[in-house]
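The values are calculated or read from the model by the stated rules, or taken from the named source; none is laboratory data. Remember, predicted model here, so these are calculated numbers, not experimental data. For neighbour counting, all protein chains shown are included, and Cβ atoms are generated from backbone atoms with ideal geometry for every residue, glycine included.
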Amino acid sequence: MSILVIAEHDSGQVRNSTLSTITAAAQCGEDIHLLIAGSNCKKVAEDSATIKGITKILLADAPSLDHQLPENLAEQVLSIAQNYSHLLAPATAFGKALMPRIAAKLDIEQVSEITRVIASDTFERPIYAGNAIATVQTSDTIKALTVRTTAFALAEKNNTVAVPIEKIAAVAGTGKTIFVSAQTDKTDRPELSSARIVVAGGQGIGSKENFRLIEQLADKLGAAIGASRAAVDAGYVSNELQVGQTGKIIAPDLYIAVGISGAVQHIAGIKDAKTIVAINQDADAPIFLSADYGIVGDLNEVVPQLIAALG
Ligand SMILES: Cc1cc2nc3c(=O)[nH]c(=O)nc-3n(C[C@H](O)[C@H](O)[C@H](O)COP(=O)(O)OP(=O)(O)OC[C@H]3O[C@@H](n4cnc5c(N)ncnc54)[C@H](O)[C@@H]3O)c2cc1C
């Protein structure tokens with residue numbers, strides 16, 4: 001049977017989270033269909049037709065699917081779910097809102113945040129904030145999976161032959177939820193989830209105004225900005241920048257944690273970072289146990305010096 005990947009996209013192209021999910025899907029089986037659902041999203045389908053590993057694109061394009069509201073999108077997936085052995089979505093806010101609805105309505109058990117495919121019915125997933133890895137085998141006929149995107153490489157977009165795009169009937173909206181507005185920070189910086197370098201600030205930054213230090217350092221390095229939950233709760237930055245167990249799970253080449261203590265819930269989000277640098281005035285802060293390099297000092301002195309040194 002075929003495998004269905006549900007695309008997360010921005011109406012222009014699929015997000016990198018979708019490309020990682022396709023790589024995970026390719027380890028579950030061979031015939032992979034990519035569902036692109038939304039409103040005015042034909043361009044996404046066309047742009048995706050050369051993604052390696054997929055065999056077909058299903059395009060459901062209708063106003064009822066605008067903004068990919070999970071209530072409506074779940075109905076769209078349910079309309080075709082019986083044709084598939086696996087349903088996969090990224091374990092981002094998108095997939096986390098969508099897949100439980102689908103699994104509940106199909107009366108199957110979702111396997112969340114898989115980090116490895118051992119066999120088409122057996123997966124690894126982290127538990128206890130990443131402190132243990134569970135191996136989970138499912139006997140459900142349809143397997144509903146969300147994928148930890150940092151654990152799988154991006155599928156490449158370089159197929160020489162474009163796969164066919166099949167238009168499918170879009171479901172009507174449930175009418176239960178309507179899109180009102182979205183508030184997102186407009187930025188030219190790299191996307192936090194996929195950035196190579198991330199500079200993150202914690203409660204130690206002290207104020208929203210002082211978070212400018214993090215922005216300046218990030219700009220020097222061409223980095224994305226992240227934050228601890230305490231910094232988000234204190235209102236220094238919006239919660240889409242939160243890194244950790246209940247925020248974004250990231251795996252940059254370089255992660256610079258400034259004024260962050262290193263709580264387990266924060267570390268859960270940066271475990272896969274290749275190099276971690278910590279700046280903290282408390283030499284006993286737990287972040288130094290995870291850091292490859294540490295600077296003990298007042299961030300208000302250290303960060304301006306770093307910015308100056310970077311020229
Ligand atoms: C269920 C659950 C889920 C959670 N999920 C997340 C999550 O996803 N992400 C997350 O981050 N947290 C999460 N938390 C919260 C987590 O437990 C911590 O409370 C939080 O990470 C602490 O943030 P912080 O390190 O910024 O603040 P603090 O722990 O207050 O640390 C501030 C640090 O700044 C240092 N500092 C202060 N002033 C300076 C200075 N001038 N110069 C240098 N250093 C300075 C201090 O020494 C201290 O180490 C979660 C908690 C729970 C219970």
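For segment 1-12, which residues satisfy the criterion of being at pLDDT 95 or above and either out of contact with any Cys (no Cβ under 7 Å at 6 or more places or on another chain) or among the aliphatic types (A, V, I, L, M) (or both)?
Listed by number, the residues that qualify are 2, 3, 4, 5, 6, 7, 8.
Quick check on residue 108: is it crowded, with 20+ Cβ neighbours inside 10 Å, modelled with pLDDT of 95 or more and farther than 23 Å from residue 180 by Cα?
No, not satisfied.
Given the condition crowded, with 22+ Cβ neighbours inside 10 Å, of a type in the set (Gly, Ala, Ser), under 22 Å from residue 61 (Cα atoms) and modelled with pLDDT of 95 or more, answer yes or no: does some residue in segment 23-41 qualify?
yes
For residue 78, indicate whether it is among the hydrophobic types (A, V, I, L, M, F, W, C), in contact with a helix residue (DSSP H, G or I) (Cβ under 8 Å, 6 or more places away or on another chain) and crowded, with 24+ Cβ neighbours inside 10 Å.
When the stated conditions are applied, residue 78 does not pass them.
Mind listing just one residue for me: the one in segment 42-57 that is of a type outside the set (Val, Ile, Thr) and in contact with an Asp or Glu (Cβ under 9 Å, 6 or more places away or on another chain) and, of those, surrounded by the most Cβ atoms within 10 Å (Cβ to Cβ)?
Among those residues, the one meeting the criterion is 45.
Please list, ordered by first then second residue, the pairs with beta carbon atoms under 8 Å, 6 or more apart or interchain, first in segment 81-92 and farther than 10 Å from residue 8 by Cα, second of a type in the set (Asp, Glu).
Short answer, once both residue conditions are applied: 91/113.
Are any residues in segment 111-157 more than 14 Å from residue 88 (Cβ to Cβ), of a type in the set (S, T, N, Q) and at pLDDT 95 or above, and if so, which ones?
122, 135, 137, 139, 141
Please go through segment 118-129 and give me each residue that is of a type in the set (Ser, Thr, Tyr) and touching a residue at least 40 places away in the same chain (Cβ under 8 Å), ordered by number.
The one that is of a type in the set (Ser, Thr, Tyr) and touching a residue at least 40 places away in the same chain (Cβ under 8 Å): 120.
Being under 16 Å from residue 151 (Cα atoms) and surrounded by 14 or more Cβ atoms within 10 Å (Cβ to Cβ) is the filter here, so list the residues in segment 111-121 that pass it.
111, 112, 113, 114, 115, 116, 117
How about segment 1-22: which of its residues are part of a loop (DSSP other than H, G, I, E, B), surrounded by 15 or more Cβ atoms within 10 Å (Cβ to Cβ) and on the phi < 0 side of the Ramachandran plot?
Within segment 1-22, 7, 8, 13, 15 meet the criteria.
Scan segment 96-138 for residues that are among the polar types (S, T, N, Q) and within 20 Å of the chain's Cα centre (by Cα) and jot them down.
Matches in segment 96-138: 110, 112, 115, 131.
Can you name every residue in segment 185-199 that is within 16 Å of the ligand (Cβ to nearest atom), under 13 Å from residue 216 (Cα atoms) and either surrounded by fewer than 22 Cβ atoms within 10 Å (Cβ to Cβ) or within 17 Å of the chain's Cα centre (by Cα) (or both)?
198
In this structure, does residue 219 turn out to be under 23 Å from residue 190 (Cα atoms), within 24 Å of the chain's Cα centre (by Cα) and at pLDDT 95 or above?
Taking the combined requirement at face value, the residue satisfies it.
For the subset of segment 23-57 comprising residues that are assigned to a loop (DSSP other than H, G, I, E, B) and touching a helix residue (DSSP H, G or I) at 6+ places or on another chain (Cβ under 7 Å), which member is nearest to residue 196 (Cα to Cα)?
Restricting to residues being assigned to a loop (DSSP other than H, G, I, E, B) and touching a helix residue (DSSP H, G or I) at 6+ places or on another chain (Cβ under 7 Å), the top hit is 51.
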